[in-house]
Amino acid sequence: MNEKEQISRQQQKSRETKEKIFQAAKSILQKSGYEALSIKNICEEAGVSNGSFYHHFKTKDDLLSYYIEDQPQIRPDLLELPADVEGVKEGIIQVYLNYVKYCRELGVEFMAEYYDTKNQALNAAIRTERPYPIVTVQTYVEKAMKADVVRLNVEIEEFTTDIRMIVIGNVFEWCIKHGEADFEGNMSRSLGKYLDAVLCPSKEDAQ
């Protein structure tokens, strides 16, 4: 076996271990709730060592956040520079509809247990890494602003905070109604109304 094949096999094994850890955490959450979700229990359920866990994740909340917020991938074409303010709005909403789809794949039971007040991965003041969707949206908006496609009438940090709170509210509503809420419709409508209020055409387009 050459060095390249060896590295490839190690990478595959690493991915399999990572997935095994996540599936164990998901199983514990669904069966016993967040209170039972300890690293010890996760490792026992997954059949891996503590060292394997810490090789991939810093904490149990880091593990859950990786799969909920960082894993979904948006199509690259949606990150292309939009032609106008409506294109920017559509792109942002699509990022979060992609997130909604992923939440559905994980399941409402899993998401409801994840949205526990003890889960500090939800605390933006503590998290060192920003979740995937909001990073994507901020980059997208800044790109459009730089190209004079759109103006933002609030500070970018205020904008990303507002978006985060709207999204959390929609996910919580879906969870508390046990999946019976119009998840896609509510997300699109609430984000659309907010974006209508804060995104404006560039000065050149407005004239």
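Is it the case, given these coordinates, that PHE172 is touching a Phe, Trp or Tyr at 6+ places or on another chain (Cβ under 8 Å) and open to solvent by 70 Å² or more (accessible area, probe 1.4 Å)? The answer is yes for PHE172. Among the residues of region 139-193, those identified as out of contact with any Ser or Thr (no Cβ under 7 Å at 6 or more places or on another chain), within 17 Å of LYS89 (Cβ to Cβ) and among the hydrophobic types (A, V, I, L, M, F, W, C) are VAL141, ALA144, MET145, ALA147, LEU152, VAL154, ILE156, PHE159, ILE163, VAL167, MET187, LEU191.
Somewhere in region 106-128, is a residue loosely packed, with under 14 Cβ neighbours inside 10 Å and acidic (Asp, Glu)? No, there is no match, as no residue in region 106-128 is loosely packed, with under 14 Cβ neighbours inside 10 Å and acidic (Asp, Glu). Provide a single number: the residues in region 156-207 that are within 19 Å of LYS143 (Cα to Cα) and of a type in the set (Val, Ile, Thr). Here the count works out to 5.
Number of residues in region 77-93 that are modelled with pLDDT under 90 and open to solvent by 30 Å² or more (accessible area, probe 1.4 Å) equals 6.
The values are calculated or read from the model by the stated rules, or taken from the named source; none is laboratory data. Predicted model, so just to flag it, every value in this text is computed and none were measured. For neighbour counting, all protein chains shown are included, and Cβ atoms are generated from backbone atoms with ideal geometry for every residue, glycine included. With ligands, DNA and RNA removed, areas are computed over all heavy atoms of the protein, side chains included. Shrake-Rupley method; radii C 1.70, N 1.55, O 1.52, S 1.80 Å.
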